[in-house]
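Structure first, commentary second.
Please treat every number below as a calculation from the coordinates, not as lab data. Worth saying up front: this structure is predicted, and the values here are computed from it rather than measured. Every residue, glycine among them, receives a Cβ derived from its backbone with ideal geometry; neighbour counts consider all protein chains shown.
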Amino acid sequence: MAASYGLIGYPLSHSFSPPYFAKKFAEQGIDADYKAYPLASIEELTALLNNNPSLQGLNVTIPYKQEVIPYLDAIDDAAKAIGAVNCITIKDGILAGYNTDWIGFTDSIHPLLQPDHTHALVLGSGGSSKAVVYALKQLGIQYNIVSRNGGNYQYSQLTESIIQAHTIIINTTPLGMYPHTDNAPDIPYQFLTTSHLLYDLVYNPAETVFMQKGILAGATVKNGYEMLVLQAEASWRIWNTNR
């Protein structure tokens, strides 16, 4: 029986993972399938597992990265520290949770880091923010969170000295994502320098307004597409290591 994998979340109409894995399996001749399973409630997970006994792994996307945790039998240290799971292995009825978002972020930003990239501003305080913060800790980069709901700074508090002291700025919010491509985080872009690195977790469009404003200042910019690819590949490694 071919191995089965899938993605749970809601809604899933424009998700990255199903077409990515379908292409990967076809190109590499892997006897497996990967399907999207839109669950209107996380309570539907038990029935999904019962009805699909060939499932060996799942990815988890919004809004269930935290809600899925009580359904797991085990959770690894990184996922526990982040408080979110986006990868599940299924073996002999045992569900184990992992987080590969932080791996994708770490591996994609690491080649861009320069010696003066020691302090970061993390825009947003949601689930994606938590994975980024965990990654920054592993990289030894100090950080402050900017959010309308708590955080170290409100957006209105960002000054020239704060922007210049934080040479990495990471957008973990959906601002600028298709179809609302004219939006961008409300930061004082006029204080950006050529030393700045602007990283946007948004990948559609490929160049967001946030990134465009960085380019105008001569900053280094990157979108979130490679992070998605690397977190998917990390999931694949976990599924195959834990068979």
| remark: Final fewest-first order of Ser128, Ser235, Ser161, Ser195 on the 10 Å Cβ neighbour count is Ser161, Ser195, Ser128, Ser235
| query | Are any of the pairs Lys137/Lys222; Lys130/Lys222; Lys23/Lys137; Lys130/Lys213 more than 22 Å apart by Cα-Cα distance, and if so, which? | reply | Lys23/Lys137; Lys130/Lys213
| Which residue fluctuates the most in the chain, going by a Gaussian network model with Cα springs under 10 Å, if the choices are His14, His110, His196? | His14
| query | Roughly how big is the chain's charge dipole about its Cα centre, with Cβ charges of +1 (Lys, Arg) and -1 (Asp, Glu), in debye to the nearest 20? | reply | 100 debye
| query | Sorting Met1, Met227, Met177, Met211 on the 10 Å Cβ count, fewest up front, what's the list? | reply | Met1, Met177, Met211, Met227
| Please state the relative contact order of the stretch 103-226 as a whole percent: Cα pairs under 8 Å, 6+ residues apart? | 22 percent
| Which residue fluctuates the most in the chain, going by a Gaussian network model with Cα springs under 10 Å, if the choices are Asn51, Asn59, Asn223? | Asn51
| task | Obtain the nm distance between the two label points defined at Lys137 and Glu207 by a simple spin-label model: each point lies 7 Å from its Cα along the Cα-to-C-beta direction. | result | 3.7 nm
| Got the relative contact order for the chain handy, in percent, Cα pairs under 8 Å and 6 or more residues apart? | 15 percent
| task | For every other residue with a beta carbon closer than 14 angstrom to the beta carbon of Ala206, add +1 if it is Lys or Arg and -1 if Asp or Glu, then tell me the sum. | result | -2
| field | Antiparallel bridges, percent of DSSP beta bridges restricted to the chain (to nearest 5) | value | 20 percent
| request: Using label points projected 7 Å from each Cα along Cα→Cβ, tell me how many nm separate Leu216 and Thr118, to one decimal. | output: 3.1 nm
| note | Two pseudo-spin positions, 7 Å from Cα along C-beta at Ser156 and at Phe191, lie apart in nanometres by 1.6 nm
| query | Remind me, relative contact order of the stretch 3-99 in percent, using alpha carbon pairs under 8 angstrom and six or more residues apart? | reply | 29 percent
